[in-house]
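Structure record follows, encoded as structure tokens.
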Amino acid sequence: MKKYNENIFRIVITIGAILSSILVLLVFFYILNESLPFLKKVCWKEFLLGGTWSPLSSNPSFSFLPMILGTLYVSFLAIAIVMPLGIGCAFFLSFLVKKSHSKVILSFIDMLAGIPSVIFGFFGLVVLVKFMEQNLDMVTGESVLVGGILLSVMLFPYVITGCAETLEKGKEKYYIASQSLGVSKWYTMRVIMLSYAANSIFVNLLLAFSRAVGETMAVMMVMGNSPIFPRLLGRAETIPSLIALEMGTATYKSIHYSALYTAGLILIVIILIIQFIAYKVNKMGSRRFK
Amino acid sequence: MKEIVLKTEDLCVSYGQKKILKKINTLFEKNKITAIIGPSGCGKSTFLKSLNRTVEEYGGNMEGKIHLNNVNIMDMPLQNLRKSVGMVFQLPIVFPFSIYNNMIYAPKYFGEKKEKLNDIVIKNLKKTGLYDEVKDNLKMMATKLSGGQQQRLAIARCLTVNPEIILLDEPCSALDIKNTANIENMLLELKNEYTIIIVTHNLSQAKRIADNVIFMDEGQIIEEGNQNEMFDNPVNVRTKEYLMYMRN
Amino acid sequence: MKIKDIIFKSWIYISGIIVVVVTFGVFLYFLYKGIKVVTLEFILEAPGGMPLGTEGGVFPAIMGSLMSGLLSGLIGGLLGLCTSIYLVFYCNNKKNQKYMLHALQLLAGIPSVIIGLFGYTVLIVGLGLNKSLISVTLTLTVMIIPFIALRMKKALEETSKDQFICSLSLGIPKGYTIIHLVIPNALKYIMTSLGLGIVFAMGATAPIMFTGAVIIAGVPNKLTDPIMALPYHLYVLVNEGISIEMAYGTAFVLIVLVLLINLICHFIGNFEDV
């Protein structure tokens, strides 16, 4: 029998944990460090409120505003689509479908989360964009609208799984008590379940939103990527697409390069704000239903 | 002459700011069953858990001294202490392995030879009376046993490391009458070999099996002594009230 | 009253049906389109034709994706497991624990394209590595560490604390308990987390665009060889308009690979105790 050594195990674990922590810190350090030159040189008013993004012209101007708006526009659009569909579907699966069936359906919806986003982008390009071009008489189908629809499909698993879980819990807790009052099944769902799940639905939507904001490939492939102010049926560009498209061409340590890091930083700040709100709402909610 | 195995001196336990035990001083006799009784929330379970320092795993903080055979347990290696002071929990805890693997889990760690493992399993299962019931199914998942059997397996597993003292935390509260009687009889047998300390909320159980009784309330020992004397002639008013209340 | 119920009812039915149809539609679409393209040759041959990719297969891309995915899964899985065990069982300082957790959560929320940026700066520019298997692997590892660590932490926390303490009360130290009791107990969830991590790594496109994936390469022999990767190959095929047919095949292979790895990890995790 080998003698087992507690200290060695502890040391291995600690080293692993420290290594991971260093990597995590390194990522943050680099993002801050590399965007510093840009932040020093360009006034925040210009890059947040300016009008155009043309880093390579002789008189370069750096404004992230079109991209920020594009990112938010397409994400909000996706949420606006996925919200009614997702919540409705969660109700559908929790209350109207046999448990065994809903399990199968849910595991398929979950599998969507495992499909690489480049495949969704491909799907959007060959199905949605083509549809737009053929049926809506658009010159090019690449648009914010397509990006939003595509994103909303990608968000299905994030919204539906969480909501269905909460509804399942609520069903266990209140369903029979409510039914015993003689009200209809629909009334129970609408009044009790909706208010019970409201908080968690909201949190799920926020998290889905932060996912949408960071999505790169799928959106990049269907939105046309023009750094202009977004319109529903026109082309636009998101921050992640900006980074992915221009990183390869930006000269190392140039102001352009540093600007792309700053774009990443802005993205992180947006996500941080969303996650913070979600965290606070979640806390409030768990206090309400103890 | 009484032989003392365990002695506490000014034992205090707190969780954060909350003081659970306030200066406990008491003795435990060798090869006797000592029952700790008291209303719920009086700290009896915490007291039991502090005797092998598991209370620290729940985030408790211990002060004072506990002597095991005249050695302060705070100075002992944790492993040695827990090996000599075994513990059985309220709900039966079996590991999700087979019965056999549950039994050899600890001896294997302590480097017992392969040939001896079988003997250890059989010997200790016999002590708890479980052997005859499961001898053909030692490879069965332990989680498939009934509640009473699981609790006896937990006790048998605790015996595999040859403890001197066994701590039991309301071991029968989740069991029916028949299984409770089983375990009580077993404890009466086991006390010839081990010192047993049991927390119970069941007075008649304490009466049936205990030699000594400790009555606790609000983190302190109110009264202690021989069980006959204490149940028949409690000195303290609070003890009297509690006994009256529990009997009705 | 009645009308509200009807509106509610139709909303639920309609959205339920739309979601189900779309979900299965996406899978069936790729199954239908892909199955026509995918042959044994497609899987086992290198891309050919002019422009490159219009004929032949995707074998180097499959190998590149598998190797980088599994390697980063291995490294990231080990580091993630260590981190989660440390957080749950060894970190005594509550403050440190909180900071570490927040940092991991934040990194997990960072879009993968930013991790790619980081990998590019540190590995390609900073350390002067070639675009290669190793640079892709390391970038993906950084990406999946928080993803895996957070899921494994949840898995470890869900195993019974009573069992853990019960083992300690037998005189057995933490580490032995973790290896012989906690990990076997949580194996199912640990393996699922690992599977999801590998799948996440294999599907990532943005992080590998500038850290290693190239348009054409052979099956890598050593860590410093450049690699092809399925998602990037798909992106190039579509974006350059090389061949939509081949793109359907590539997408099909990628989806099947991803589902297969999930399934395998699920299967390993469901083994009864050994």
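The values are calculated or read from the model by the stated rules, or taken from the named source; none is laboratory data. Treat the numbers as computed from the prediction; the structure is a model and nothing was measured. Heads up, the Cβs are rebuilt from the backbone with ideal geometry, glycines too, and the neighbour counts pull from every protein chain shown.
Against the conditions (1) closer than 25 Å to C:THR177 by Cα; (2) more than 8 Å from every other protein chain (Cβ to nearest Cβ); (3) of a type outside the set (Phe, Trp, Tyr); (4) surrounded by fewer than 19 Cβ atoms within 10 Å (Cβ to Cβ), C:VAL88 satisfies every one except (4). Screening segment B:163-248 for helices (runs of 4 or more DSSP H) wholly inside it with 3 or more residues that are in contact with a strand residue (DSSP E or B) (Cβ under 8 Å, 6 or more places away or on another chain) and basic (Lys, Arg) returns no ranges. Do you know which of the residues in segment A:109-155 that are more than 11 Å from every other protein chain (Cβ to nearest Cβ) and outside any helix (DSSP H, G or I) is modelled with the highest pLDDT? That would be A:SER143. Looking only at segment C:140-183, which residues are farther than 30 Å from C:LEU117 by Cα, within 12 Å of chain A (Cβ to nearest Cβ) and polar (S, T, N, Q)? The one that is farther than 30 Å from C:LEU117 by Cα, within 12 Å of chain A (Cβ to nearest Cβ) and polar (S, T, N, Q): C:THR177. Based on this model, can you work out whether A:ALA78 counts as within 14 Å of chain C (Cβ to nearest Cβ), touching a residue at least 40 places away in the same chain (Cβ under 8 Å), surrounded by 22 or more Cβ atoms within 10 Å (Cβ to Cβ) and in a helix (DSSP H, G or I)? So A:ALA78 passes the test. Output yes when any residue across segment C:140-153 is of a type outside the set (A, V, I, L, M, F, W, C) and surrounded by fewer than 23 Cβ atoms within 10 Å (Cβ to Cβ), and no when none is. Among the residues of segment C:140-153, at least one is of a type outside the set (A, V, I, L, M, F, W, C) and surrounded by fewer than 23 Cβ atoms within 10 Å (Cβ to Cβ), which makes the answer yes.
Consider segment B:71-100 and keep the residues that are free of Cβ contacts under 8 Å to residues at least 24 places away in the same chain and part of a loop (DSSP other than H, G, I, E, B). The one that is farthest from the other protein chains (Cβ to nearest Cβ) is B:MET76.
Would you check if there is a residue in segment B:104-124 being acidic (Asp, Glu), touching a residue at least 60 places away in the same chain (Cβ under 8 Å) and assigned to a helix (DSSP H, G or I)? Scanning segment B:104-124, I find no residue that is acidic (Asp, Glu), touching a residue at least 60 places away in the same chain (Cβ under 8 Å) and assigned to a helix (DSSP H, G or I), so the answer is no.
Answer yes or no as to whether A:LEU36 is assigned to a helix (DSSP H, G or I) and at the interface with another protein chain (Cβ under 10 Å from one of its Cβ atoms). In short, no.
Contact map, segment C:93-106: first residue within 13 Å of A:TYR279 (Cβ to Cβ), second residue loosely packed, with under 15 Cβ neighbours inside 10 Å and among the hydrophobic types (A, V, I, L, M, F, W, C), Cβ cut-off under 9 Å, separation 6 or more or different chains; pairs are C:LEU106/A:LEU272. Of everything in segment A:20-47 that is under 29 Å from C:GLY119 (Cβ atoms) and more than 28 Å from the chain's Cα centre (by Cα), the residue that is surrounded by the most Cβ atoms within 10 Å (Cβ to Cβ) is A:VAL42. Listed by position, the helices (runs of 4 or more DSSP H) enclosed by segment A:178-290 that each have at least 1 residues that are among the polar types (S, T, N, Q) and in the same structural domain as A:GLY121 (by TED's automatic domain parsing) are A:194-214, A:239-246, A:255-288. If I filter segment C:60-81 for residues that are within 22 Å of the chain's Cα centre (by Cα), within 9 Å of chain A (Cβ to nearest Cβ), more than 23 Å from C:VAL258 (Cα to Cα) and part of a helix (DSSP H, G or I), do I get at least one hit? No; the residues of segment C:60-81 include none that is within 22 Å of the chain's Cα centre (by Cα), within 9 Å of chain A (Cβ to nearest Cβ), more than 23 Å from C:VAL258 (Cα to Cα) and part of a helix (DSSP H, G or I).
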